[in-house]
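Visitor: Input: one structure, supplied below.
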């Protein structure tokens, strides 16, 4: 959670998305799909602590749009799950 909303408002102005200002979850910036990819790519040179998470998020994003007529293949589901597990493990540190 971010207590000072100014950095989040700047990110929103630069990349879009929304800043949650409700009491239930204040101080969260949300951005999705292509806007998130653009933000991560542009912020990557400045990310020191969260660089690996950003790289995994970009890896996950690159897999979007790989659905088949009947949904995702088992291979695709497994690949996405593997990325999700890696992200979860990094966030536990």
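Visitor: Which ones in the stretch 3-19 are assigned to a loop (DSSP other than H, G, I, E, B), within 16 Å of residue 34 (Cβ to Cβ) and either modelled with pLDDT under 95 or in contact with a strand residue (DSSP E or B) (Cβ under 8 Å, 6 or more places away or on another chain) (or both)?
Guide: Of the residues in the stretch 3-19, the ones assigned to a loop (DSSP other than H, G, I, E, B) are 3-5, 16-17.
Now narrow it down to the ones that are within 16 Å of residue 34 (Cβ to Cβ): 16-17.
Within the stretch 3-19, just 17 meets the criteria.
Visitor: Please tell me if residue 72 is surrounded by 13 or more Cβ atoms within 10 Å (Cβ to Cβ), in contact with a helix residue (DSSP H, G or I) (Cβ under 9 Å, 6 or more places away or on another chain) and modelled with pLDDT under 90.
Guide: yes
This table checks each residue for (1) free of Cβ contacts under 8 Å to residues at least 12 places away in the same chain; (2) assigned to a loop (DSSP other than H, G, I, E, B); (3) under 21 Å from residue 16 (Cα atoms).
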{"residue": "41", "(1), (2), (3)": "no, no, yes"}
{"residue": "49", "(1), (2), (3)": "yes, yes, no"}
{"residue": "52", "(1), (2), (3)": "no, no, no"}
{"residue": "64", "(1), (2), (3)": "no, yes, yes"}
{"residue": "78", "(1), (2), (3)": "yes, no, no"}
{"residue": "81", "(1), (2), (3)": "yes, no, no"}
{"residue": "85", "(1), (2), (3)": "yes, no, no"}
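Visitor: Something else now. Tell me, please, whether a residue that is in contact with a strand residue (DSSP E or B) (Cβ under 7 Å, 6 or more places away or on another chain), at pLDDT below 95 and either surrounded by 13 or more Cβ atoms within 10 Å (Cβ to Cβ) or closer than 19 Å to residue 60 by Cα (or both) can be found in the stretch 31-39. Walk me through how you get there before you give the answer.
Guide: Step one: of the stretch 31-39, the residues in contact with a strand residue (DSSP E or B) (Cβ under 7 Å, 6 or more places away or on another chain) are none.
No, every residue in the stretch 31-39 fails to be in contact with a strand residue (DSSP E or B) (Cβ under 7 Å, 6 or more places away or on another chain), at pLDDT below 95 and either surrounded by 13 or more Cβ atoms within 10 Å (Cβ to Cβ) or closer than 19 Å to residue 60 by Cα (or both).
The values are calculated or read from the model by the stated rules, or taken from the named source; none is laboratory data. Keep in mind the model is a prediction, meaning the values are calculated, not measured. Don't worry about glycine lacking a Cβ; one is built from the backbone with ideal geometry, like all the others, and counts go over all protein chains shown.
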